[in-house]
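A.B. asks: Shown below is the structure under consideration.
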Amino acid sequence: MQREKVRILLAVVLGVLLAVAAGIPQSRENLTVEKTKDGNLTIQALGHGSLRFEFKGKQYYVDPWSRANLQGQPKADVIFITHEHGDHLDKSAIDLIKKDTVLIYTNERCAKQLGTGTVLHHGEKKKVADIIAEAVPAYNITPSRQNFHPKDRKDNGYVLTFSDKRVYVAGDTEGTPEMKALKDIDIAFLPIDGRFTMSPADAAEAARAFKPKVLYPYHQLQSDPNEVKKLLTNEKGIEVRVWKLP
């Protein structure tokens with residue numbers, strides 16, 4: 001009996017070690033599962049501006065970054081890149097997670113830098129694997145920030161439709177008229193770093209305009225996402241969920 005217990009324990013330990021060696025993720029931090037009419041949608045914030053979505057057995061990434069939690073993550077079927085800054089367009093990160101048949105969607109400048117990828121122009125919708133992707137403008141409107149993300153560079157945010165769930169990933173942007181005009185957003189990711197994009201107060205103001213059902217503050221740097229939650233406490237119909245992201 002004792003030998004059998006030891007054998008089982010060793011098998012468990014070996015299994016964990018093999019999983020780690022094979023790159024199977026052990027951390028389930030910053031992860032949630034949403035129900036859609038066509039099955040579950042898994043959402044994981046990997047750090048900073050990097051996100052992973054799992055739907056119908058396929059993996060969709062937005063802005064994978066080498067300094068985010070990419071080790072051991074599933075290989076990507078689809079990758080969306082918002083713009084050309086190194087914490088969003090990271091070739092090493094793409095190489096780490098991509099399959100040989102990976103589909104990459106981005107704007108024109110990033111596609112040229114990568115030497116590959118399908119360009120999604122602002123307002124364009126496209127069937128991508130099992131979802132619908134739409135490119136949304138992302139840019140700064142505050143004069144002192146416009147050099148970071150100028151409008152004429154045509155950076156992208158994305159509305160990704162997973163069955164009946166519309167997920168808005170804003171990218172690096174402020175509360176533009178295009179953002180505030182969005183409709184029927186179930187889940188939104190808005191940047192709140194306060195230096196390159198929006199402050200928590202700016203993000204709360206933008207959310208009041210287009211009213212996502214669920215809001216995740218991301219791209220945080222030193223900003224506190226709890227500030228957004230506090231500012232929207234009395235805003236009916238918007239649930240702010242706080243993940244502290246590295």
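The values are calculated or read from the model by the stated rules, or taken from the named source; none is laboratory data. Just so it is clear, the model here is predicted, and its values are computed rather than measured. Reconstructed Cβ throughout: ideal geometry from the backbone, glycine too, with neighbour counts over all protein chains shown.
A.B. asks: Taking segment 195-246 only, how many residues are of a type in the set (G, A, S), part of a loop (DSSP other than H, G, I, E, B) and either more than 19 Å from the chain's Cα centre (by Cα) or surrounded by 20 or more Cβ atoms within 10 Å (Cβ to Cβ) (or both)? Break it down stepwise before answering.
C.D. replies: Our first condition is that a residue be of a type in the set (G, A, S); within segment 195-246, this holds for 199, 201, 203-204, 206-207, 209, 223, 237.
If we keep only those that are part of a loop (DSSP other than H, G, I, E, B) as well, we get 199, 223, 237.
Subsequent filtering for residues that are either more than 19 Å from the chain's Cα centre (by Cα) or surrounded by 20 or more Cβ atoms within 10 Å (Cβ to Cβ) (or both) retains 223, 237.
Count: 2.
A.B. asks: Right, here's the next one. Count, please, the residues in segment 60-119 that happen to be crowded, with 16+ Cβ neighbours inside 10 Å and among the polar types (S, T, N, Q).
C.D. replies: Qualifying residue count for the region: 6.
A.B. asks: Please pick out the residue among D155, D202, D164 that is out of contact with any Gly (no Cβ under 8 Å at 6 or more places or on another chain), modelled with pLDDT of 95 or more and over 22 Å from N69 (Cβ atoms).
C.D. replies: Details: D155 fails: out of contact with any Gly (no Cβ under 8 Å at 6 or more places or on another chain); D202 fails: out of contact with any Gly (no Cβ under 8 Å at 6 or more places or on another chain).
So the residue among D155, D202, D164 that is out of contact with any Gly (no Cβ under 8 Å at 6 or more places or on another chain), modelled with pLDDT of 95 or more and over 22 Å from N69 (Cβ atoms) is D164.
A.B. asks: Restricting attention to segment 153-185, report how many residues are touching a Lys or Arg at 6+ places or on another chain (Cβ under 7 Å), free of Cβ contacts under 8 Å to residues at least 60 places away in the same chain and surrounded by fewer than 20 Cβ atoms within 10 Å (Cβ to Cβ).
C.D. replies: Adding up the residues that qualify gives 2.
A.B. asks: Kindly list, by first and then second residue, each pair from a residue in segment 229-246 that is within 24 Å of L31 (Cβ to Cβ) to a residue that is among the aromatic types (F, W, Y) and modelled with pLDDT of 95 or more, limited to pairs with Cβ atoms under 7 Å and residues at least 6 apart or on different chains.
C.D. replies: R241/Y216; W243/Y216; L245/Y218
A.B. asks: Scan segment 54-109 for residues that are among the β-branched types (V, I, T) and either under 13 Å from the mean Cα position of the chain (by Cα) or at positive phi (or both) and jot them down.
C.D. replies: Pass one, segment 54-109, residues among the β-branched types (V, I, T): 62, 78-79, 81-82, 94, 97, 101-102, 104, 106.
V62, V78, I79, I81, T82, listed by residue number.
A.B. asks: Quick one: in segment 86-102, which of the residues that are at pLDDT 95 or above and touching an Asp or Glu at 6+ places or on another chain (Cβ under 7 Å) is farthest from L46 (Cα to Cα)?
C.D. replies: Result: V102.
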